[in-house]
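For reference, the structure discussed in these notes is given below.
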Amino acid sequence: MQNGGDLVTFRKQLLGWFRQFQRELPWRKTRDPYRIWLSEIMLQQTRVAAVIPYYDRFLKRFPDVQALANAPEEEVLRLWSGLGYYRRARNLHKAAQQIMAKHGGQFPMTAGDVLALPGIGNYTAAAILSIAFGNKLAVLDGNVARVLARLAAIRGDVRESQRWQTLQDNANFFFDPDSPGDWNQAMMELGATLCTPKSPQCLLCPVAQFCEGRKLGIAESLPEKRKKRANVEVTLAAGVFADENGWTLLLPPPEEESTVALADYIPTLVSRLWHFPTVSVTGDPGAKLHATLRKLVRGGRNGNLRLVPAGQVRHTVTYRDITIVPFRINVKKLPRIKDARRVPLRDVSSALPVSNLTRKVARAVLAVSAAR
Ligand code: SF4
């Protein structure tokens, strides 16, 4: 960028494009900080199309900070069930309670107060404050970093701290102080719709004339890939009881002292939500699961549990490739297991918050005949 005139043109073109072509999204129709906050949290690592129905349902049940703060955590998690990364929901809930306790139910308007809330980092704080209140804070997340790395042809790992700071400086330089909310959304929209990770649509880009990456013919290769950690293979076995009326048992969210000897990653896998009894295995999955279930079941009258294998479920969490071997255990009457709750196997999420992994296991077991 050669001079101030270029910067004016750059801003004008990007904002003009955004105002004409932005997607219609439910959270773009409001300046309510609660709604913008909710959308930003839901959109972390999650696609827009997946977020929209959750966003609508969540707001119907919790229309404001107060309703969210007063709800039991289990109810909040149930409405989040299926969206993944459940820590987001727990933090949202805690933050709503803090807003009630410390800010009289009003969403705080300064970066310091917003950053003190659980689950809110620099990016989210800047997004909420600029869109809801017009604060002059430029956003920087993975999407915006990609756009900025391409515009200035910045090579190397953008997550490396000095490079990230350079990108933040660039974000601040381009930032239009006259339209903070629209500006930030325009940068995000460019990253989400045209300046995409693969095959950026430079021919449609409103700021293509300023893009160094494009001029050098390296736009698509930026930002450069980080070195990937090798994946670890993990095998688990899950026990799914099924009584004659189609009910099953789920265990409560695993905490530090769990009823089952859980490997440390199982709480992460089941997202600290309700789940089937699950153990990590190295040898015969049925044998270890059987031994664990016998310890778990009260009264010891289920010595001969018949475990019917129900195929395999694959799941990937960060660098772990997980294979779950679910077993169906047909029983006349569900056994007594400490703190376990009965739920219908056909709809395990009807009353309790469960992860997608638990739903996948339930589906696999349903495919196995009750008669076997
Ligand atoms: Fe991205 Fe292409 Fe626009 Fe550059 S010209 S910002 S690479 S879409």
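The values are calculated or read from the model by the stated rules, or taken from the named source; none is laboratory data. Given the structure is predicted, the values throughout are model-derived calculations rather than measurements. Note that we place each Cβ from the backbone using ideal geometry, even for glycine, and neighbour counts take in every protein chain shown. The accessibility values were calculated without ligands, DNA or RNA, using every heavy atom of the protein model including side chains. Shrake-Rupley method; radii C 1.70, N 1.55, O 1.52, S 1.80 Å.
Once the Cα-Cα distance is subtracted from the 0.36 nm per residue extended length, the TRP247 to ARG363 segment shows a gain of 40.4 nm. At an R0 of 45 angstrom, the distance between the Cβ atoms of GLN106 and ILE218 translates into a FRET efficiency of 0.45.
Dipole magnitude for the chain: computed about the Cα centre from +1 point charges on Lys and Arg Cβ and -1 point charges on Asp and Glu Cβ, it is near 1400 debye. The distance between label points at GLU24 and ASP347 comes to 3.1 nm (points 7 Å beyond Cα on the Cα→Cβ vector). Rounded to the nearest 20, the Cβ-based charge dipole of the range 4-221 about its Cα centre (Lys and Arg +1, Asp and Glu -1) stands at 360 debye. The alpha-carbon of LYS198 sits under 16 angstrom from the alpha-carbons of these lysines, leaving out residues fewer than 8 places away in its chain: LYS225. Near ARG336, the amide H atoms lying under 5 Å from its own belong to ARG298; only residues 5 or more places off or on other chains count, and H is placed 1.01 Å from N. Computed extension gain for THR282 through ASN172, at 0.36 nm per residue and net of the alpha carbon distance, reaches 34.4 nm. For the chain, the membrane-span-like helices by this rule, meaning whole DSSP H stretches whose C-alpha atoms cover at least 18 Å of axis and whose Kyte-Doolittle mean is -1.0 or above, are 4-21, 48-61, 180-193; this says nothing about an actual membrane.
Between LYS333 and TYR85, the C-beta separation translates, for a Förster distance of 30 Å, into a calculated FRET efficiency of about 0.25.
Between ILE52, VAL65, LEU92, the Cα set farthest toward the positive side of the dipole of the range 29-117 (charges on each charged residue's Cβ, about the Cα centre) is that of ILE52.
The heavy atoms of CYS195 present about 20 square angstrom of accessible area, all protein chains included, probe 1.4 Å.
Working from the alpha-carbon coordinates of the chain, get Rg over Rh, Rh being the Kirkwood radius.
Details: Rg = 24.7 Å, Rh = 23.4 Å.
With Rg and the Kirkwood Rh in hand, the quotient comes to 1.06.
Taking the accessible area of the chain, probe 1.4 Å, and keeping the other protein chains in place, the carbon and sulfur fraction comes to 48%.
Over the chain, average the accessible area per residue using a 1.4 Å probe and give it in Å², no decimals.
Per-residue accessible area for the chain comes out at 50 Å².
In this rough spin-label picture, where each label sits 7 Å from Cα along the Cβ direction, the LYS225-LEU115 distance is 3.4 nm. This model, with +1 at the C-beta of Lys and Arg and -1 at the C-beta of Asp and Glu, gives the range 308-353 a dipole about its Cα centre of some 320 debye.
Subtracting the Cα-Cα distance of LYS198 and THR316 from their residue separation scaled by 0.36 nm leaves 40.3 nm. Of all lysines in the structure, the ones whose alpha carbon falls short of 18 Å from that of LYS29, not counting any fewer than 8 places away in one chain, are LYS60. Here LYS360 is the anchor, and no lysines lie within straight C-alpha reach of less than 19 Å, apart from those fewer than 8 places off in the same chain. For the range 129-205, the pair-distance distribution built from all alpha carbon pairs, in bins 10 Å wide starting at 0, is 20, 50, 28, 2 percent. Between exposed GluC sites (Glu not before Pro) in the chain, where DSSP calls loop and at most 16 other Cβ atoms lie within 10 Å, what's the longest gap? That gives 25-159 as the longest site-free run.
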